[in-house]
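Worksheet: the structure to be examined is printed underneath.
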Amino acid sequence: MKVQLKPNQSPVPEAERAARVAAPGFGKYYTDNMVVAEWSEAEGWQDAELIPYGPISLDPATAVFHYGQEIFEGLKAYRHPDGSISLFRPDANAARFARSAARLALPEMPIDFFVETIEELVKQDHNWVPSKLGESLYIRPFMIATEVGLGVRPSNKATYLLIATPAGAYFNAAVAVTVWISTEYVRAAPGGTGEAKCGGNYAASLVAQKQAATQGCDQVVWIDAIERKWIEEMGGMNLYFVKGSGANARVVTPKLTGTLLPGITRDSILTVAADLGYAVSEEMISVDDWRDGVLSGEITEIFACGTAAVVSAVGSAKSAHGEWKTGDGNPGPITMQIRETLLGIQHGTIADTHGWNHKVL
Ligand SMILES: *Cc1c(COP(=O)(O)O)cnc(C)c1O
């Protein structure tokens, strides 16, 4: 499969584009082009097309509107100091996209084809990639079921789309987020879709996010569906707990049980924290461990991680059972060290010893 180039002949004027890239926000502006590829059961994947960014037209009876058969990915292109542009671990996103597709009964896309569509879009729209530290081009591949008809069955047609948006800092890195530990709503249950990156997981999570806001919190923390005590994730990000301090600190993240989304940032931090000399482990961590740990001082820092925000400190936690604070409520030193190391690797200012950066241009 190839990507046929039919780029936008009337891109955003240069001055306007420069202004948008200089103050990108998040998801506010989209680049001049997008990529579309069609799949059908009868013919498999067709060549992708790179075409002008714009609305798509679908029959109202299209499957995705009714039964939510949809998956997505999120990754970033970073501009390095020499002006080159690299993607961060796109092969890992490709592999996860294929796993999500399998779970949602959508067609798996070959890894190379997926990565190639991203390379072509980034090459075409390279002047939309910001260059400041913490900024990037956020890339959103997704796939929808496009068979027309209201019968409930795996769609025999699917459309892959790829769009990109220049992105500034997602959260203010200097401020810790406050979290609401939801005991009423559950994000994912064993055998469900928690491991897949699908829109439906988010649709089901929004009411809890609303509840968190009502409680004066920025984000929701999810606990497990069965015992209702094990910490899973925060919103659309994975969590890390720092125990102890200095060179003897331990960096711990909830174990992947099948209901957590296996984040690529989470995976990268397991390696980065070990490279920095910390003991690293994946463990079951309960709400009681969290509360007791911060009250006794054993847990010194907590942070969340994901592609969009990279690393973000977690401060106060609130639940139906009380409220407690981590450290002094500000981002801790190990959180900031891990954040800066990972950002440095992504931006090409710190050596990439694991071959994570995938140069595009
Ligand atoms: C995407 C996502 C993450 C983070 O994954 P990254 O690959 O690090 O961006 C964590 N949790 C959920 C629910 C997600 O959808």
Inter-site label distance for ASN248 and ILE350 at 7 Å from Cα along Cβ, in nm: 2.4 nm
Using alpha carbon positions and the Kirkwood radius, the Rg to Rh ratio of segment 108-233 is 1.04
What size of dipole, in debye to the nearest 20, comes out for segment 177-347 about its Cα centre when the only charges are +1 on Lys and Arg C-beta atoms and -1 on Asp and Glu C-beta atoms? 260 debye
On a 30 Å Cα-Cα criterion, which of the cross-link pairs LYS2/LYS157; LYS132/LYS210; LYS28/LYS243; LYS197/LYS229; LYS132/LYS325; LYS6/LYS210 come out too long? LYS132/LYS210; LYS28/LYS243; LYS132/LYS325; LYS6/LYS210
Dimensions of segment 177-347 along principal axes (Cα, Å, largest first)? 39, 32, 26
In whole Hz, what ³J(HN,Hα) sequence does segment 277-291 give by Karplus (6.51, -1.76, 1.60; θ = phi - 60°), x for Gly and Pro? x, 8, 6, 10, 8, 10, 9, 7, 10, 9, 4, 5, 4, 4, 4
For the chain, size of Cβ-based charge dipole, Lys and Arg +1, Asp and Glu -1, in debye: 460 debye
Carbon plus sulfur, as percent of the 1.4 Å-probe accessible area of the chain, comes to 52 percent
Please say if segment 3-167 is rounded, prolate or oblate, where rounded means a/c under 1.5 for a ≥ b ≥ c the square roots of the C-alpha gyration tensor eigenvalues, and otherwise the choice is prolate for a/b larger than b/c and oblate otherwise? prolate
Expressed as an acute angle from 0 to 90° and rounded to the nearest 10, what is the orientation of the C-alpha long axis of helix 111-124 relative to the principal long axis of the chain? 80 degrees
Residue by residue, what Karplus-based ³J(HN,Hα) values in Hz, rounded to whole numbers, does segment 147-153 have, using 6.51, -1.76 and 1.60 with θ = phi - 60° and x for Gly and Pro? 5, 9, x, 9, x, 8, 6
For the chain, I need the span (max minus min coordinate) of the C-alpha atoms along each principal axis, in Å, sorted largest to smallest. 60, 52, 35
Under 5 Å, built H, 5+ apart or other chain: amide partners of SER316: VAL179, THR326
For ALA279, residues with placed amide H under 5 Å, excluding near neighbours: VAL251
Using the Karplus curve 6.51 cos²θ - 1.76 cosθ + 1.60 with θ = phi - 60°, work out ³J(HN,Hα) for each residue of segment 65-75 in order, rounded to whole Hz, and write x for Gly and Pro. 5, 9, 10, x, 7, 8, 9, 8, 9, x, 8
Which aspartates and glutamates have a Cα lying under 13 Å from the Cα of LYS123, excluding residues fewer than 8 positions away in the same chain? ASP32
Less than 12 Å Cβ to Cβ from GLY297, Lys/Arg counted +1 and Asp/Glu -1: what total charge do the surrounding residues give? -2
Quick note, segment 142-200: a/c under 1.5 would make it rounded; otherwise a/b > b/c is prolate and the rest oblate (a ≥ b ≥ c, C-alpha gyration tensor); here it is oblate
Check THR307: other-chain or 5+ apart residues with amide H under 5 Å from its amide H, H built from backbone geometry? THR265
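The values are calculated or read from the model by the stated rules, or taken from the named source; none is laboratory data. These numbers were taken from a predicted model, which means no experiment stands behind them. Virtual Cβ from ideal backbone geometry, glycine too; neighbours counted across all protein chains shown. Protein only, heavy atoms only, side chains kept; ligands, DNA and RNA dropped before computing areas. Shrake-Rupley method; radii C 1.70, N 1.55, O 1.52, S 1.80 Å.
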